[in-house]
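Heads up: the structure comes next, in structure tokens.
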Amino acid sequence: MKNRMFTFITMKWNPIVGCSFLCMYCWARALAEGRLRSNPRYRDGFKPKLIEMELEKRFKAGAFVFLTDMGDAFCDAVPSEWILRILDIMRKSPDVHFLCQTKNPQRYLEFASIFLENVVLGATIESNQDYRQLSRAPSQSSRLIAMQELAKLRPDLRRFIAVEPILKFDLDSFVSQLKAIRPWAVAVGYDNYSWKLDEPSLAQTEALITALEQFTQVHRKTIRPAWWENGG
């Protein structure tokens, strides 16, 4: 099964597109630099850009909105002024839920005092091991620490973790570190694009899911044998 968006999301919103992390497996960058390269939004490739017309969008009460699936609104290359404009719109829509998702959760701490409870703060953390060769994003271990700090600073806010695309991990340590974040939910899924990443076995992933279900809800995304199992 290949669920490419979280099941609770009802719409996507891209007031910022692009990202400076250049993850090797990023489907959004491949799309922007490929099929969408003639679109004015991606005239500069995947360089972060503020899309002014998106700031005029209005949302239905009860909607669950995913912020920026075509980039990372909290990457280092995004000016704080852009983020503040987006957060202002979120504050003016208290009956709408917003999911922020980033590989730079340390930056949430910069705005921690102004997030309202309609915002879910998500981080993509593929493993508790560091895979620096795959991305310019902060290391996986530093993302875990940042989300734990956020849990202490703003325990009232919902926190969400996406373990996707899942990479090999140390089970007991990873579970302990995720539990310290006290996540509202965790999504787990394998790569959808045949990158042949350093994937754990299906049995290891199922063990992780079972452990996580002891303290949070788990959203299963693409769950399958690792590419190297059953003869690859």
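Some notes on this structure:
The rows are residues; the columns are (1) surrounded by 22 or more Cβ atoms within 10 Å (Cβ to Cβ); (2) out of contact with any helix residue (DSSP H, G or I) (no Cβ under 8 Å at 6 or more places or on another chain); (3) not in a strand (DSSP E or B).
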| residue | (1), (2), (3) |
| --- | --- |
| Ser113 | no, yes, yes |
| Leu116 | no, no, yes |
| Gly122 | yes, yes, no |
| Ser127 | no, no, yes |
| Asp130 | no, no, yes |
| Arg136 | no, yes, yes |
| Ile145 | no, yes, yes |
| Asp156 | no, yes, yes |
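- Selection status of Ile166, at pLDDT 95 or above, surrounded by 22 or more Cβ atoms within 10 Å (Cβ to Cβ), in contact with a Gly (Cβ under 9 Å, 6 or more places away or on another chain) and of a type in the set (A, V, I, L, M, F, W, C): yes
- Selected residue (criterion: surrounded by the most Cβ atoms within 10 Å (Cβ to Cβ)) from residues of segment 79-108 that are without any contact (Cβ under 8 Å) to a residue 24 or more places away in the chain and assigned to a helix (DSSP H, G or I): Asp88
To keep it simple, each residue is scored yes or no on (1) more than 21 Å from Asp76 (Cα to Cα); (2) over 16 Å from the mean Cα position of the chain (by Cα); (3) free of Cβ contacts under 8 Å to residues at least 24 places away in the same chain.
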site: Arg132; (1), (2), (3): no, yes, yes
site: Ser135; (1), (2), (3): no, no, no
site: Ser141; (1), (2), (3): no, no, yes
site: Asp156; (1), (2), (3): yes, yes, no
site: Asn192; (1), (2), (3): yes, no, no
site: Lys196; (1), (2), (3): yes, yes, no
site: Glu199; (1), (2), (3): yes, yes, no
site: Gln204; (1), (2), (3): yes, yes, no
site: Ala211; (1), (2), (3): yes, yes, no
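- Members of segment 18-44 found to be surrounded by 11 or more Cβ atoms within 10 Å (Cβ to Cβ), free of Cβ contacts under 8 Å to residues at least 60 places away in the same chain, of a type outside the set (A, V, I, L, M, F, W, C) and under 23 Å from Met5 (Cα atoms), listed by number: Gly18, Arg29, Glu33, Arg37, Asn39, Arg41, Tyr42
The values are calculated or read from the model by the stated rules, or taken from the named source; none is laboratory data. No experiment lies behind these values; they were computed from the predicted model shown. Using ideal geometry, Cβ is built from the backbone for each residue, glycine included, and neighbour counts are taken over all protein chains shown.
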